[in-house]
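Visitor: Attaching a single structure in structure tokens format; questions to follow.
The values are calculated or read from the model by the stated rules, or taken from the named source; none is laboratory data. Fair warning: this is a prediction, and the values are worked out from it, not measured in the lab. No Cβ is skipped: glycine too gets one built from the backbone with ideal geometry, and neighbour counts run over all protein chains shown.
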């Protein structure tokens, strides 16, 4: 691998460019007209404008990205997360163009990106799944029949994608009839596929995911992350390791994750996500993300392994360098996703010009960001500004360090969610690690009603 095109923007483009530079790989940035002055454009060795601000006319255009790769002599493409990162047709187009795709091949993306096919693969690997439909359903009649068999409450989920799109929780048949149409339409708009999947709703659950690496032959896990603190199915705070599970349970979950990815010949970094019933302790496979995750830094801080660098090595044809016995967890890490949103106005996205920026630093504090004074937050993309990540020798130390790091973080010009996280640190349930996937939204509702 000599020259890498980064098919993304924002903090993940900056992150990938840095990893490539560490390995002596030249980089190509692509950008819309809205991002012409963005940091990732300046950091790269070469930059190519690929279209107007709208993602559908720039970052989501396969032909424009491949043309930029040909023009600049790139021999590999890293998709980052979001945009085209989990599109099997994009991975195939990159490979057909003679370029290395930094991720699993199109076959695996296609299989694991479809919730129904992924469930089948999990069952074949002996990994437990949430009771639900064996296939996607295309209409409310099919969903109603499935729900009667599974038992209410149930969750409607887009069969062809994730990220919280198309998800609805329904308590009875009437609610399901009303919810199916809007959920299916949302899924079709987001993923081009309106099929829905019906599964049992676990009321008190934790969202625990396992980081994996594979080279198509061997696979290892890099332990687990806690991702239960979510708003509208979008993660806001992540930790490694997950504070809510014991060592025996951790061993079972991580073993299941490796069994699944090994069974499909997974190559690259990936994440296997599980739902853990907080009452029974059962864990169920829910989906696999066939890309680098937003929250990958917490795993890097507790294992000392550069996940993006390993992605690049594997995509370049190297065998997996890491064996399971090489991986150990040291300490605890927490990540806070700071977004250009106003918590006092129901998290209204807040594009605008950044006036001043103060980023946290000091021992064991990391800030992944594209922020700089004078930078513009466009209205066209995700509102993520920065990820504040801290490490401590234990969770208590990491929490204390989080308070200090968030106090140092300052942005003027647009509202952000940074102050909300400072409030979160004052909550006893957060300090105790006593939360499930519904806890944060419950707290936010109480906070809004005060």
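Visitor: With the condition kept exactly as written, say whether any residue in the stretch 136-157 is under 24 Å from residue 90 (Cβ atoms) and part of a helix (DSSP H, G or I).
Guide: no
Visitor: Name the single residue that is nearest to the chain's Cα centre (by Cα) among those in the stretch 112-128 being buried (at least 19 other Cβ atoms within 10 Å of the Cβ) and at pLDDT 90 or above.
Guide: 112
Okay, residues lined up against (1) in contact with a helix residue (DSSP H, G or I) (Cβ under 9 Å, 6 or more places away or on another chain); (2) closer than 23 Å to residue 81 by Cα:
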{"position": "367", "(1), (2)": "yes, yes"}
{"position": "377", "(1), (2)": "no, yes"}
{"position": "394", "(1), (2)": "no, no"}
{"position": "400", "(1), (2)": "no, no"}
{"position": "408", "(1), (2)": "no, no"}
{"position": "413", "(1), (2)": "no, no"}
{"position": "435", "(1), (2)": "yes, no"}
{"position": "442", "(1), (2)": "no, no"}
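Visitor: Then there is this: Looking at 306, 325, can you tell me which residue is assigned by TED's automatic domain parsing to the domain that holds residue 380 and either in contact (Cβ under 8 Å) with a residue 24 or more places away in the chain or crowded, with 23+ Cβ neighbours inside 10 Å (or both)? Walk me through it before giving the result.
Guide: Working: 325 fails: either in contact (Cβ under 8 Å) with a residue 24 or more places away in the chain or crowded, with 23+ Cβ neighbours inside 10 Å (or both).
When all the criteria are applied, what remains is 306.
Visitor: Quick one: in the stretch 16-45, which of the residues that are in contact (Cβ under 8 Å) with a residue 60 or more places away in the chain, under 18 Å from residue 313 (Cα atoms) and touching a strand residue (DSSP E or B) at 6+ places or on another chain (Cβ under 6 Å) is surrounded by the most Cβ atoms within 10 Å (Cβ to Cβ)?
Guide: So the residue we want is 16.
Visitor: If you don't mind, another one. I'd like to verify a number: residues in the stretch 419-446 that are outside any helix (DSSP H, G or I) and farther than 16 Å from residue 231 by Cβ, how many?
Guide: Counting residues in the stretch 419-446 that are outside any helix (DSSP H, G or I) and farther than 16 Å from residue 231 by Cβ gives 4.
Visitor: Among the candidates 228, 268, which residue alone is in a strand (DSSP E or B), on the phi > 0 side of the Ramachandran plot and within 19 Å of the chain's Cα centre (by Cα)?
Guide: Selected residue: 268, the only one of 228, 268 that is in a strand (DSSP E or B), on the phi > 0 side of the Ramachandran plot and within 19 Å of the chain's Cα centre (by Cα).
Visitor: Residues to consider are 397, 369; find the one that is crowded, with 19+ Cβ neighbours inside 10 Å, under 23 Å from residue 240 (Cβ atoms) and either touching a strand residue (DSSP E or B) at 6+ places or on another chain (Cβ under 9 Å) or not assigned by TED's automatic domain parsing to the domain that holds residue 300 (or both).
Guide: 369
Visitor: Follow-up question, since we're still on this one. Residues in the stretch 106-120: is at least one in contact with a strand residue (DSSP E or B) (Cβ under 8 Å, 6 or more places away or on another chain) and either free of Cβ contacts under 8 Å to residues at least 60 places away in the same chain or more than 23 Å from residue 274 (Cβ to Cβ) (or both)?
Guide: no
Visitor: May I ask you to verify whether residue 257 is part of a helix (DSSP H, G or I) and assigned by TED's automatic domain parsing to the domain that holds residue 136? Can you show your working first?
Guide: Values: part of a helix (DSSP H, G or I): yes; assigned by TED's automatic domain parsing to the domain that holds residue 136: no.
When the stated conditions are applied, residue 257 does not pass them.
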